[in-house]
Amino acid sequence: MEKLLEILRDLHPDVDFENETGLIDNMILDSFDIVTLISEISENYDVTISAEHIVPENFNSVQALYELIKKLEDED
Amino acid sequence: MLFTSYSFIGFILLLVPVYYLIPRNRQWWLLLFASCLFYCTFDPSYLIYVCLTALTVWGCAMMIRMDQKTQDDYLKERKEEISKEVQKAYKAQHKKIREMWMILGVLINLGILVLVKYYSFFFGHGIKGLGAPLGISFYTLQALGYLIDVKRGTVDAERNPLKMMLFISFFPQVIQGPISRFKDLSETLFSEHEFEWKNISFGFQRVLWGFFKKLIIADRIAPVVNTIVSDVSKYRGAYITAVLVLYSLELYADFTGGIDVTIGISQMLGVRVTENFDMPYFSTSLKEYWRRWHITMSQWFREFVFYPVSTSKPIQGISKFIRKRLGNKGKKIPVYLSSFIVWLLTGLWHGASWTFIVWGLLNWFILMVSEELEPVAAKFHEKYAWSNTKWYKVFTWLRTLLLIFVLNLFDCYRTVGETFSALWSILATANAKVLFNGEILKLGMSGLDYFVILAGAGILFAVSYLQTKKGSVREFIAAKPYPVRFAIWFVLFITVLLVGAYGIGYDASQFIYNRF
């Protein structure tokens, strides 16, 4: 989780990622951020996040994103 | 049958009462019949293309659904008997089958689109007897979006092929969008609707507002723009400056006006259609503009091209390769590469010509440069307090508006060379006097016409501003005492009737986006 927070903070240092639950709904992350984030995640976690996983429920909070990564790791 | 024609108004006046009089479970049948009739008024043979798209997409989506069911049933029955590895292999095998059906549907429909719209661009000559049906670019994207959504499992496949036909051919939106998602449109398109006065009155008000934009502003400007862009060697310098402003106003009034009519008519029928604009000319950056202009198209390209391409193995592979050499500097490579493909396709989607391709790639270039300069801009705003004031925001708004005006000019000329020549002449030709010595009044618009469009633009601005402050303007007016709201809508109705060219010699132009 700490690694993921680090990646997110690197993307937007001004956002309180630990408590934010509307990263997509509140338009904090845009499509460019999401794609950059996916590249960073694939570098660090060895999972592949594909287009069909890009839905607000998976990206609205750091917790949701972490759960997605765990799920994909389990599937692999 | 243009939205602003007498025949369309008669068509709606007949359709709406019948729609609410027939049994409610037959309403969607009537919409399907009306949609086919509407489409046939352009050319009955075009209906074959729409049927072909509806049938192929429906068939492929059903095959995906059946395969998913086969997989789920099999795994449910044998969950205890087979190992996780076998389950995984079985799922992967079926995922491939579903992918194959999706690809088949996409290829068939893109194939039709390429044959009728792009063949002559790529091969220099068209195919005899094949013409591009109206709205093919819109309904093809809508149909493919549905198919991909079914494959992703975000919507259930529609079992009734006639409902699929209605989803694709729904007459208010078939020729110029918005490009609706199945989950958004189907909810109200196939459901039963009771007569509600609010739907009729609010829908009619929206249609009236659309007519105001189209007939009073867009159609009035069109002759001047057409004259000026018809001869780049004759009309240069100040004429082009005038066109920059006039065409962007025309495009806005034309496209948003058309969508107002679409949403208004749909509301009268109880159908909710997605909004396509969010006051785009108030944007303070190009990125923001593309979040607010033609929203459904941008969303479509983001969901179905940008995300799949940027997360694809080849693009992620290139990204990893570059990052090994450049480090963190290469982290935005997937964004830049995928955006390039998106903007190339967005340009091509607008039309089979180099002007649209260059327009798309210019958008891409500006967006990517802005993205790369974002950290510099952040430091700039941190260092200089005056860059955070209201006046600086006005400056960024005007700067964005100018950029949009210049990009919009690529719609106007036949070739890229002519467009750049016209743009260059703004700086190179000193003929500002033509704007004041009466020459500009000889191109199809009188002084009174200029006054009308100036007043019209002022009203557009005021209404949009009111919208930012009060939300829905129709709700705002509806809350006023009866005489006030009656007066407002009556004046708008009379204005459209008298100033909106419904008089002698009425000849409304086709909507600009009908040709895309």
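The values are calculated or read from the model by the stated rules, or taken from the named source; none is laboratory data. The structure displayed is predicted, hence computed values, not measured ones. Glycine gets a Cβ as well: all are built from the backbone with ideal geometry, and neighbour counts include every protein chain shown.
If you go through the stretch B:48-68 one residue at a time, do you hit one that is under 33 Å from the mean Cα position of the chain (by Cα), exposed (fewer than 13 other Cβ atoms within 10 Å of the Cβ) and modelled with pLDDT under 95?
yes
Those residues that are surrounded by 11 or more Cβ atoms within 10 Å (Cβ to Cβ) and among the charged types (D, E, K, R), I need them from the stretch B:463-498; list them, please.
Of everything in the stretch B:463-498, those that are surrounded by 11 or more Cβ atoms within 10 Å (Cβ to Cβ) and among the charged types (D, E, K, R) turn out to be B:LYS470, B:ARG474, B:LYS480, B:ARG485.
Please state which of the following conditions B:GLY505 fails to meet, knowing it meets all the rest: (1) small (Gly, Ala, Ser); (2) outside any loop (DSSP other than H, G, I, E, B); (3) modelled with pLDDT under 85.
Exception for B:GLY505: condition (2).
Within the group B:LEU32, B:LEU47, which residue is under 22 Å from B:ASP156 (Cα atoms), hydrophobic (A, V, I, L, M, F, W, C) and in the same structural domain as B:VAL150 (by TED's automatic domain parsing)?
B:LEU32
Return the pair list, or none, for Cβ contacts closer than 9 Å from residues in the stretch B:285-302 that are closer than 12 Å to A:ASP30 by Cβ and touching a residue at least 24 places away in the same chain (Cβ under 8 Å) to residues that are of a type in the set (Gly, Ala, Ser) and surrounded by fewer than 19 Cβ atoms within 10 Å (Cβ to Cβ), at least 6 apart or on different chains.
Partner pairs satisfying both residue conditions: B:SER285/B:SER370; B:LYS287/B:SER370.
Out of all the residues in the stretch B:249-262, is one or more crowded, with 22+ Cβ neighbours inside 10 Å, within 9 Å of chain A (Cβ to nearest Cβ) and more than 30 Å from B:THR429 (Cα to Cα)?
no
May I ask you to verify whether B:SER319 is within 9 Å of chain A (Cβ to nearest Cβ) and in contact (Cβ under 8 Å) with a residue 24 or more places away in the chain?
In short, no.
Within the stretch A:51-63, which residues are in contact with a helix residue (DSSP H, G or I) (Cβ under 8 Å, 6 or more places away or on another chain) and either at the interface with another protein chain (Cβ under 7 Å from one of its Cβ atoms) or crowded, with 16+ Cβ neighbours inside 10 Å (or both)?
Once the filter is applied, which keeps residues that are in contact with a helix residue (DSSP H, G or I) (Cβ under 8 Å, 6 or more places away or on another chain) and either at the interface with another protein chain (Cβ under 7 Å from one of its Cβ atoms) or crowded, with 16+ Cβ neighbours inside 10 Å (or both), the stretch A:51-63 yields A:ALA51, A:GLU52, A:HIS53, A:ILE54, A:ASN58, A:PHE59, A:VAL62.
Mind checking which helices (runs of 4 or more DSSP H) fall wholly inside the stretch B:310-392 and carry at least 3 residues that are over 30 Å from A:LEU8 (Cα atoms) and in contact with a His (Cβ under 9 Å, 6 or more places away or on another chain)?
Of the helices (runs of 4 or more DSSP H) lying wholly inside the stretch B:310-392, those with at least 3 residues that are over 30 Å from A:LEU8 (Cα atoms) and in contact with a His (Cβ under 9 Å, 6 or more places away or on another chain) span B:354-372.
Mind telling me which of the residues B:VAL271, B:VAL335, B:VAL309 ends up being crowded, with 20+ Cβ neighbours inside 10 Å and more than 10 Å from chain A (Cβ to nearest Cβ)?
Answer to the check: B:VAL271.
Can you tell me which residue is farthest from the other protein chains (Cβ to nearest Cβ) among those in the stretch A:3-50 that are in a helix (DSSP H, G or I), of a type in the set (D, E, K, R) and under 25 Å from B:SER298 (Cβ atoms)?
A:ASP33
Could you check the stretch A:45-67 and list, in sequence order, the residues that are modelled with pLDDT of 90 or more and over 15 Å from A:VAL35 (Cβ atoms)?
Passing the criteria: A:PRO56, A:GLU57, A:ASN60, A:SER61, A:VAL62, A:GLN63, A:ALA64, A:TYR66, A:GLU67.
Under 7 Å between Cβ atoms, at least 6 apart or on separate chains: pull out the pairs that start in the stretch B:107-130 with a residue that is without any contact (Cβ under 8 Å) to a residue 60 or more places away in the chain and end on any residue that is among the aromatic types (Phe, Trp, Tyr).
Final answer for the pair search is B:GLY126/B:TYR119; B:ILE127/B:TYR119.
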